[in-house]
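Below is one structure, written out as structure tokens; the observations come after it.
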Amino acid sequence: MRRHLISPRLDEFFSGVYRLYKFILEFFKQLFRPPFEMQEVARQCYEVGYRSLPLISLTGFIIGIVFTKQSRPSLQEFGASSWLPSLISIAVIRALAPLVTALIAAGKVGSNIGAELGSMKVTEQIDAMEVSATNPYKFLVVTRVLATTLMLPVLMMYTALVAMMGSYLNVHANELTSLRSFLDSGFSTISFLDIFSSIFKTMIFGFTIGIAGCYQGFNATQGTQGVGRAANAAVVASMFMIFVEEMIIVQIVNAIR
């Protein structure tokens, strides 16, 4: 009896993995085939990047201030307050900025992609695109995945900049540190590997968010309820994969370092 119940679940799991594998493989097949929907890619970059700036700005600024305020008492106990800019820059560029940017994008962009494509699926707009000789996968999926992959590193660097600005304001208010000395101290411990690894992993995060949102939207069913489930599943799946990828990439980078 138990064997009868487990087998369908395993079959469903592995069939889902296979469908996701085919979905990702189709992306790389369509990526280099004309026509190249550059206008749609630019529009999606605007949607992913520019429309995320207010939330990214507020979050990054608060992270810089809060992390600085939380770190100061611990460093003061050891008489190492001068190391505060270095600590903040390492934490922000190596971990906080990539992870926070990816999680915000997963919640905002991933859910939006899942809901948008899910509504198009259940209202048969995707089928109508196929009838009109338009490749829906290339126009809808490739453009959105490209936009998230390209824009996440840009948003990450912006988040790091805003977080460092918030940290500087807090440090300046307490120690009257100049901007030049703050930047010199902060970036003296940052290497090229730190910046490269952060950019690389945010590209991976962006690809994951785009694929998760598009896959869930393309496979939405059962009307408006399916649209809501697609948006929710896109956020949950992308956030879960972001944490797994973060753990793997950190291990690889630490081994190289």
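Which residue is nearest to Ala133 (Cα to Cα), if the candidates are limited to the range 19-34 and must be open to solvent by less than 80 Å² (accessible area, probe 1.4 Å) and touching a residue at least 40 places away in the same chain (Cβ under 8 Å)? It would help to see each step written out before you state the result.
Of the residues in the range 19-34, the ones open to solvent by less than 80 Å² (accessible area, probe 1.4 Å) are 20, 23-27, 30-31.
Those left that are additionally touching a residue at least 40 places away in the same chain (Cβ under 8 Å): 20, 23-24, 26-27, 30-31.
Numbers: Leu20: 25, Phe23: 20, Ile24: 22, Glu26: 18, Phe27: 18, Gln30: 15, Leu31: 18 Å.
The qualifying residue nearest to Ala133 (Cα to Cα) is Gln30.
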**Asked** Going through the range 121-175 one residue at a time, which ones are over 24 Å from Ala234 (Cα atoms), open to solvent by less than 20 Å² (accessible area, probe 1.4 Å) and not polar (S, T, N, Q)?
**Response** Ala160, Val162, Ala163, Met164, Gly166, Val171
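Somewhere in the range 92-102, is a residue closer than 30 Å to Gln222 by Cβ and either β-branched (Val, Ile, Thr) or in contact (Cβ under 8 Å) with a residue 60 or more places away in the chain (or both)? First the steps, then the outcome.
So in the range 92-102, the residues closer than 30 Å to Gln222 by Cβ come out as 102.
Filter once more, keeping what is either β-branched (Val, Ile, Thr) or in contact (Cβ under 8 Å) with a residue 60 or more places away in the chain (or both): 102.
Yes, the range 92-102 contains at least one residue that is closer than 30 Å to Gln222 by Cβ and either β-branched (Val, Ile, Thr) or in contact (Cβ under 8 Å) with a residue 60 or more places away in the chain (or both).
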**Fill in**
Exactly one of Ile211, Ile204, Ile195 is modelled with pLDDT of 85 or more, over 24 Å from Lys138 (Cα atoms) and surrounded by 13 or more Cβ atoms within 10 Å (Cβ to Cβ), and that one is Ile195
**Request:** Answer yes or no as to whether Ile211 is in contact with a Phe, Trp or Tyr (Cβ under 8 Å, 6 or more places away or on another chain) and among the β-branched types (Val, Ile, Thr).
**Result:** yes
**Prompt:** Inside the range 237-257, can you point out the residues that are part of a helix (DSSP H, G or I), open to solvent by 40 Å² or more (accessible area, probe 1.4 Å) and more than 21 Å from Ala147 (Cβ to Cβ)?
**Reply:** Phe240, Phe243, Val244, Met247, Ile248, Val250, Gln251, Ile252, Asn254, Ala255, Ile256
**Identity of the residue in the range 176-192, among the aliphatic types (A, V, I, L, M) and not in a helix (DSSP H, G or I), that ends up least open to solvent (accessible area, probe 1.4 Å)** = Ile190
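The values are calculated or read from the model by the stated rules, or taken from the named source; none is laboratory data. In this text the structure is predicted, and so the values were computed from the model without any measurement. In this analysis, Cβ positions are derived from the backbone assuming ideal geometry, glycine residues included, and neighbour counts consider all displayed protein chains. We work out accessible area using only protein heavy atoms, side chains counted, and drop any ligands, DNA or RNA first. Shrake-Rupley method; radii C 1.70, N 1.55, O 1.52, S 1.80 Å.
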